[in-house]
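Read the structure below first, then the notes.
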Amino acid sequence: MTQSTERLSTGQDGLERAAALLRQGALVAFPTETVYGLGADATNARAVARIFAVKGRPEFNPLIVHLGALSQVQALVHWNDRAEALAEAFWPGPLTMVLPLREHAPVSKLVSAGLNTLAVRLPAAEVAHDLLTRFGGPVAAPSANRSGQVSPTRAEHVTASLGDQIEAVVDGGRCAVGLESTIVGLAGAPTLMRPGGVTTEALQAVLGRPLAKRRDSEAISAPGQLRSHYAPRARVRLNAADWEEGEARLGLGDVDCDLNLSASGDLTEAAANLFEHLIALDQSGADVIAVSPVPHAGLGVAINDRLSRAAAER
């Protein structure tokens, strides 16, 4: 355990310090456009092992590797035409692709959980891109929180969850998207492995074909597939048409509630507010968080995915 977690700025000095810490094998949390990631040098097995230890994350659950340039991605995985089409449309951005891992790619086997595929992403957030460019290599970065808990969208969420178990956090303010990246498997038939910040409809329009869907009964093959995940301390009650006494009320649309994901029903705004509002309501001390119905369309698919895992039996 470290003495204290450094709070770094997004200026040149802060990012140079963050990159230097990563080179030393330290854990550094940093903001992407989705959520805050807990970064470690993906080529350093000891540093990657600390991610699993600090998060309490099972080692069969693979990590996403974040990079600053497409050429760096292509050096680690076998690229294909479908990956090229999706990269042109959505990178940098909230999309992760799972592709066959190159045989001699210098990435710890812990990152891929021993699989022959690797999850890769080029984040769009300027802070993340600048840090990755300064570091110059692959950074493994799951969400910067204890495993199974609500993902952090602010630096204070990171420190509240992980305390002083990591060396530094780059404070870039609130994450813009607020939901983790969409994950698409491209090692075979294009498969939706996790809904997220890029909608299924947008992906299918680029690919020109429907995406296959992973079944929950299949083995873990990408991050974010555990049945119980993104969970607050309180029990979560979904599709609440009305409220019960003592509940913390998370609304959507024109409803009387404690916090509203979006009073206008805008799903982009709702996605950006989801984790922050869940954390705030959980801190209120209520035993139950009741959530208004969310449409199963567009970003609503990803929002419902996170809510269903937050409400799953633990």
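Which order do the peptides 18-25, 174-181 take when ranked by the mean count of other beta-carbon atoms within 10 Å per residue, highest first?
By packing density, highest mean first, the sequence is 174-181, 18-25.
Taking 8 Å as the Cα distance limit and 6 or more residues as the minimum spacing, I'd like the relative contact order of the chain as a percentage.
Dividing the mean separation by the residue count of the chain yields 21 percent.
Apply 1/(1 + (r/R0)^6) to the Cβ-Cβ distance of residue 287 and residue 312, taking R0 = 22 Å, and write down the FRET efficiency to the nearest 0.05.
Efficiency computed from Cβ-Cβ geometry: 0.85.
Can you classify region 131-187 as rounded, prolate or oblate using the Cα gyration tensor, where a ≥ b ≥ c are the square roots of its eigenvalues, rounded means a/c under 1.5, and otherwise it's prolate if a/b beats b/c and oblate if not?
Verdict is oblate for region 131-187.
With the alpha-carbon atoms as the only input, what is the per residue convex hull volume for region 7-127 in Å³?
105 Å³
Which peptide among 48-60, 28-40, 110-122 comes first, and what is the full order, when sorted by highest mean count of other Cβ atoms within 10 Å?
28-40, 110-122, 48-60
Might you tell me the accessible area per residue for the chain, computed with a 1.4 Å probe and given in Å²?
Per-residue accessible area for the chain comes out at 41 Å².
Between residue 233 and residue 201, take the C-beta separation as r, use R0 = 30 Å, and let me know the FRET efficiency to the nearest 0.05.
The formula returns an efficiency of 0.30 here.
In whole percent, and with a 1.4 Å probe on the protein chains, what portion of the accessible area of region 55-210 is carbon and sulfur?
Answer for region 55-210: carbon and sulfur cover 51 percent of the accessible area.
Based on Cβ point charges of +1 for Lys and Arg and -1 for Asp and Glu, what charge dipole magnitude is obtained for region 10-130 about its Cα centre, in debye rounded to the nearest 20?
In total the dipole reaches around 540 debye.
Bin by bin, in steps of 5 Å, what percent of the Cα pairs in region 42-190 do you find, going until the bin that has the longest distance?
2, 9, 19, 23, 23, 15, 7, 2, 0
The values are calculated or read from the model by the stated rules, or taken from the named source; none is laboratory data. Not measured: the values here are computed from a predicted model. Cβ: placed from backbone, ideal geometry, glycine included. Neighbour counts: every protein chain shown. What goes into the accessible areas is simple: the full protein's heavy atoms, side chains included, and nothing from ligands, DNA or RNA. Shrake-Rupley method; radii C 1.70, N 1.55, O 1.52, S 1.80 Å.
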